[in-house]
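The values are calculated or read from the model by the stated rules, or taken from the named source; none is laboratory data. Predicted model, so just to flag it, every value in this text is computed and none were measured. No Cβ is skipped: glycine too gets one built from the backbone with ideal geometry, and neighbour counts run over all protein chains shown.
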Amino acid sequence: MSDEKTATGLIEIENVTVSFKQKKKKIVAVKDASLTINEGEIVGIIGSSGAGKSTLLRTINRLQGVSSGRVLIGGQEIEKLSEKKLRELRNDIGMIFQHFNLIGSKDVYSNIEFVLLESKKTKAEAAKRIDELLRYVGIEDKKHAYPAQLSGGQKQRVAIARALANEAKILLCDEPTSALDAETTEAVLNLLKQINKELGVTIVIITHELDVVKEICDRVAVMNGGEIVETADTYKLFTEPVNDFTKNLIQKESSFQIPRGVLNEVPGKIIRIDYYNETAERALINETIEKFGVKINILHGKIDFIKNRPLGVLFVSVDGDPARTREAYKFIKDNSARTEVLRDA
Amino acid sequence: MLESFIEIEDKLLKALKETAFMSLTSLALSVLIGLALGLILYITSEPLLKKNNLIYETVGFIANTISSIPFLILMIFFLPISAFIVGTKIGSKAVLVPLTVAAAAFFARLAEASFSDVDKGVLEAVIASGAKKSHVIFKIVLPEAKVSLIKNITVTAVSVLGFSAMAGLVGGGGIGDLAYRYGYQRYKKEVMIICILVLIILVQLIQKIGDVAVRVISKRGR
């Protein structure tokens, strides 16, 4: 995959617009989107439904053609590829889906065999590869089961095996965990992480679940109304979102209402403390209590870890001598990422 | 009733043979032609394969036109063409041509629906894996649509049997002809009843065969 053009990323989406004509109305699904994805990265694309995530993802393997702009894979503009070259490229790009999309009339073995034979492998080569793949995704015992006999998690594992069958370098994931329960989601995400780390597969994942993003993405692109409104490192996106839409999306997730009854009963000042980066490392609450002799009561708290870095929110009440409370609040404010007074003392 | 049965036994057997010949031959031909037309309709309407509005609309228009003509009229209209193709204007053979044409148009639309019911996601998945489109059609779409196709072949077979009852009009014979000429024109009520019973049994038989085929095929697979 070499070209005279200097390629900075493995996948380059340059000013891509996709529009459809539907009942004489022109619908713009993706509007002037640009995104660079580097080799070995896990990049998430988030946004509300209808934001154009699926359409954008499908321009990467040309399941969806572009109306304008370019998509380059390894420096090659894919819109210009012949049918045959496009098929070869698609061998390098695996894809998995929310509803797995396994061939119902074929068993697990034949589902994977089909794509191997399509890329000119012999039956014997295919047999060997299928054993390898099923062992890797952990479902060797289901080799001759039909999709209808498998659980959601098992189906997604087969789909992953099929997507990687031809040693794909890129894996496109279209809401891969949205039809799975929490436990299975965790397992599938771990498998994706393992594939990324061990096989060096670049992963592009679209999802509406922010937890999925926090769990595995290195970087995130946020889409709204067909446009990419923000692209950032995952931790940065959650701690310092720039775009209003992103802020809204993230806030919705972490919003928490203290029950009115609690607000009335608890004495003192009630504040919300956000902490991340270096501020998250300090024993702030303990320090404040020792330094100012105020009472601090934790009403609610949540800590997330993104790539092993903490990101937390705490709701506390600070009670005691008014002057000391004020000083304590100032101390907390200076030593945390963000604070908000929900009720004054 | 038994007396009249014995009386017409020979005629009934002959009629049954004619009906079987007309129905089975034209069913076989119309399934082949209809399958091909159904595939063309499906492929030209599916953006993931080879969407082509001109071909889709043209083939669709022809199928619709044939389906809108009552079979009786279609049959008469086709007599000169039958003469050209099978060399005769009368008899069971002459009926084969219009019967096949009508059934093929009917089955083409049903087959198109069977193909369209194949999960779009599966189609997307195999195309994304780099499979050849011709392989996608013959190795994925056809097997995936198999059960639905067999159900629709059964429906077509019953229709063909119904169409063939009108063959008597051009000397094609068959059960329908027997019922008309003896049961109606000669006031032999018993013959009419026997013919109806035979037709009922035939339809039940066709349905049963279709159901068994579906069961056998569904067992392997999903």
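Values computed for the structure shown
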{"item": "Residue in region A:68-80 that is touching a residue at least 60 places away in the same chain (Cβ under 8 Å), part of a helix (DSSP H, G or I) and among the hydrophobic types (A, V, I, L, M, F, W, C) present", "result": "no"}
{"item": "Verdict on A:Leu189 being under 28 Å from A:Asn224 (Cβ atoms) and not in a helix (DSSP H, G or I)", "result": "no"}
{"item": "Options B:Ser116, B:Ser92, B:Ser129; residue that is in contact (Cβ under 8 Å) with a residue 40 or more places away in the chain and crowded, with 21+ Cβ neighbours inside 10 Å", "result": "B:Ser92"}
{"item": "Residue identified as of a type in the set (A, V, I, L, M) and within 28 Å of B:Met192 (Cα to Cα) among B:Leu48, B:Leu54, B:Leu24, B:Leu39", "result": "B:Leu24"}
{"item": "Qualifying residue in region A:24-47 (condition: without any contact (Cβ under 8 Å) to a residue 24 or more places away in the chain, within 12 Å of chain B (Cβ to nearest Cβ), of a type outside the set (Ser, Thr, Tyr) and in a loop (DSSP other than H, G, I, E, B))", "result": "no"}
{"item": "Pick from region A:50-66, criterion within 14 Å of chain B (Cβ to nearest Cβ) and part of a loop (DSSP other than H, G, I, E, B), ranking: surrounded by the most Cβ atoms within 10 Å (Cβ to Cβ)", "result": "A:Asn61"}
{"item": "Odd one out for B:Lys189 among (1) at pLDDT 95 or above; (2) charged (D, E, K, R); (3) over 23 Å from B:Leu72 (Cα atoms)", "result": "(1)"}
{"item": "Residue check for A:Asn277: in contact (Cβ under 8 Å) with a residue 40 or more places away in the chain, within 21 Å of A:Pro241 (Cβ to Cβ) and either of a type in the set (S, T, N, Q) or not assigned by TED's automatic domain parsing to the domain that holds A:Val212 (or both)", "result": "yes"}
{"item": "Some residue of region A:101-123 being more than 11 Å from chain B (Cβ to nearest Cβ), among the hydrophobic types (A, V, I, L, M, F, W, C), more than 27 Å from the chain's Cα centre (by Cα) and in a loop (DSSP other than H, G, I, E, B)", "result": "no"}
{"item": "Selection count where residues are free of Cβ contacts under 8 Å to residues at least 40 places away in the same chain and under 12 Å from the mean Cα position of the chain (by Cα), scope region B:132-156", "result": "0"}
{"item": "Residue count, region A:124-154 (criterion: within 12 Å of another protein chain (Cβ to nearest Cβ) and either in a helix (DSSP H, G or I) or under 18 Å from A:Arg90 (Cα atoms) (or both))", "result": "3"}
{"item": "Residue satisfying condition, being away from every other protein chain (no Cβ under 13 Å), crowded, with 21+ Cβ neighbours inside 10 Å and not acidic (Asp, Glu), within set A:Cys217, A:Cys173", "result": "A:Cys217"}
{"item": "Filter result for B:Glu3 (of a type in the set (Asp, Glu) and at pLDDT 90 or above)", "result": "no"}
{"item": "Residue, surrounded by the most Cβ atoms within 10 Å (Cβ to Cβ), within region A:242-267, restricted to residues that are touching an Asp or Glu at 6+ places or on another chain (Cβ under 7 Å) and farther than 27 Å from A:Asp344 by Cα", "result": "A:Thr246"}
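Residue-by-condition table, conditions (1) among the polar types (S, T, N, Q); (2) farther than 30 Å from A:Ala148 by Cα; (3) in contact (Cβ under 8 Å) with a residue 60 or more places away in the chain; (4) surrounded by fewer than 19 Cβ atoms within 10 Å (Cβ to Cβ):
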| site | (1), (2), (3), (4) |
| --- | --- |
| B:Val158 | no, yes, no, yes |
| B:Tyr182 | no, yes, yes, no |
| B:Ile200 | no, yes, no, yes |
| B:Gln204 | yes, yes, no, yes |
| B:Gln207 | yes, no, no, yes |
| B:Val216 | no, no, no, yes |
